[in-house]
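Data first, discussion second: the structure below is written as structure tokens.
The values are calculated or read from the model by the stated rules, or taken from the named source; none is laboratory data. Computed from a predicted structure; not experimentally measured. Neighbour counts run over all protein chains shown; Cβ positions are idealised from the backbone, glycine included.
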Amino acid sequence: MLTQIIRRRRRLLLVFGVIALLVPAIMARIMASGAPSASTEPVAVQATQPGSKPTPTASSTTLTTPPATTSVTIAFVGVGQGDAIIVSTSDGHSMLIDGGPPESSEKLLSALELLGIDHLDVLVSTHPHSDHIGGLLAVLDKVPRIRIDQVLDSGKVHTSNTYEAYLQKILDRGIAFKIARAGSEFQLGPATIAVLWPETPLWDDLNDASVVLRLSYGGFSALFTGDISARVESVLVHARSLPQATVLKVAHHGSGGSTSPDLLKQVQPKLAVISVGKNSFGHPAVHVVDRLVALGCVVGRTDDGDGWTVVTDGEVWSAYPGLPGAVLRQGGMGLTVCPDPLHRFIGNRNTMVVHRASCPSVAKMNPANEAPFNDLQEALDMGYRPCEICNPR
């Protein structure tokens, strides 16, 4: 009955060109339905114990060192002109932040499959522009093969057909629907995810209503900024809501209206990733890239390959341009580029264990013990056994 009502109303509303009335109705229906909750607090995802370039300083956050055997992987997927970020933990938790444009859906689904993800603890929609939620439709279509516990949304209503379809799929699949607001936080395995923006009332501009998240794990942190402009950055900076972050997802694809000097002065990233593709907007702006380079951080662009991957155990972190890519290894106060960027697997000649090149154990390995492989089977044939943490395949 609900489906028939929605379809009938859609036909009528489209005739009169007032689809803006339909989207809030669907959202209200999602919020009022049984399984989804109207709460603005995300459901906490409890960490489980495994087995059953400098440390940021935050003015109001106490960082604790996690077990070295648990790793967090952040994959900035190359989806063209859009954002799609997969966060996963070695103890089985995962989060998807945005899905890129609809034409890049297959790239996103392939990345999820590559990472072995068939369960998302949280699916985050930072804001309802098509280059951020278009690919989410394909992910939602994979339910129940991909299980999604909850959707975390900005709550900013948009009138596009893409956004209406996104809401409808959430409603049809009975997925919990949460509204993100500054001040809330939740656990993703061993990592803490804090919501820094938006606040109530929401700003009029869709980009400036973006959900801004900060991931912290031991001494490592990452800031995901959606498409916010320098106006929102200024509010966060003056409110001192932005602790330093190891990795920065550059806002709005490197737009000249974001990534202000004040933000960079406060965040001090070591790696800045620009999620961008072929576009007519001038993204990324030259002065933004110059600003990042002048800061001394490594700048990664997803249009240079398949994306960027960051892996950390909360103490040591590594970053890889593309999949596979050159290893940027943290050593003391600096980063060094490891040789042979095409090797996908690294064996330890001492322990006879083979790892993914992205495994945190590789960053701690004595270079003299490293045995690089492009083919996993080659390593197995030589007597290496797979790492139980990164599960190479």
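Of all residues in region 188-201, those that are of a type in the set (F, W, Y) have Cβ atoms under 7 Å from Cβ atoms of residues that are surrounded by fewer than 24 Cβ atoms within 10 Å (Cβ to Cβ), 6 or more apart or on another chain, in W197/A182; W197/L236.
Every residue, every condition in (1) at pLDDT below 90; (2) farther than 20 Å from F220 by Cβ; (3) surrounded by fewer than 24 Cβ atoms within 10 Å (Cβ to Cβ); (4) among the β-branched types (V, I, T), yes or no:
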position	(1), (2), (3), (4)
L248	no, no, no, no
H253	no, yes, no, no
Q266	no, no, yes, no
G277	yes, yes, yes, no
V286	yes, yes, yes, yes
L292	no, no, yes, no
V298	yes, no, yes, yes
R301	yes, yes, yes, no
A319	yes, no, no, no
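In region 203-234, what count of residues is obtained for those that are under 14 Å from D83 (Cβ atoms) and among the polar types (S, T, N, Q)? Residues flagged as under 14 Å from D83 (Cβ atoms) and among the polar types (S, T, N, Q) within region 203-234 amount to 3. Is at least one residue of region 374-383 of a type outside the set (D, E, K, R), at pLDDT 85 or above and part of a loop (DSSP other than H, G, I, E, B)? Yes, that holds for at least one residue. Residues in region 269-291 that are in contact with a Pro (Cβ under 8 Å, 6 or more places away or on another chain) and within 15 Å of T246 (Cα to Cα): K270, I274.
Filtered by the rule that a residue be part of a helix (DSSP H, G or I), under 19 Å from the mean Cα position of the chain (by Cα) and farther than 18 Å from G78 by Cα, region 234-286 gives a lone residue, V267. Pairs meeting the criteria (first residue in region 357-384 and closer than 8 Å to F345 by Cα, second residue in a loop (DSSP other than H, G, I, E, B) and modelled with pLDDT of 80 or more, beta carbons under 8 Å, at least 6 apart or on different chains) are L376/P392.
Scanning region 333-352 for residues that are modelled with pLDDT under 75 and either small (G, A, S) or surrounded by 14 or more Cβ atoms within 10 Å (Cβ to Cβ) (or both) returns G334, L335, C338, P341, H343, R344. Please determine whether any residue of region 92-111 is on the phi > 0 side of the Ramachandran plot and buried (at least 17 other Cβ atoms within 10 Å of the Cβ). Yes, there is a match, as at least one residue in region 92-111 is on the phi > 0 side of the Ramachandran plot and buried (at least 17 other Cβ atoms within 10 Å of the Cβ).
Condition check ((1) assigned to a loop (DSSP other than H, G, I, E, B); (2) hydrophobic (A, V, I, L, M, F, W, C)) across all residues:
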{"residue": "L167", "(1), (2)": "no, yes"}
{"residue": "I170", "(1), (2)": "no, yes"}
{"residue": "F177", "(1), (2)": "no, yes"}
{"residue": "G183", "(1), (2)": "yes, no"}
{"residue": "Q187", "(1), (2)": "no, no"}
{"residue": "T192", "(1), (2)": "no, no"}
{"residue": "L196", "(1), (2)": "no, yes"}
{"residue": "P201", "(1), (2)": "yes, no"}
{"residue": "D205", "(1), (2)": "yes, no"}
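Exactly one residue out of V124, V43, V87, V79 is assigned to a loop (DSSP other than H, G, I, E, B) and either of a type in the set (D, E) or at pLDDT 90 or above (or both), and it is V79. Per the conditions (1) more than 14 Å from the chain's Cα centre (by Cα); (2) more than 18 Å from G78 (Cβ to Cβ), the sole criterion not satisfied by G300 is (2). V139 falls short on exactly one of the conditions (1) buried (at least 24 other Cβ atoms within 10 Å of the Cβ); (2) in contact with a Leu (Cβ under 8 Å, 6 or more places away or on another chain), and that condition is (1). If you go through region 353-393 and pick out every residue that is exposed (fewer than 12 other Cβ atoms within 10 Å of the Cβ) and among the polar types (S, T, N, Q), you end up with 2.
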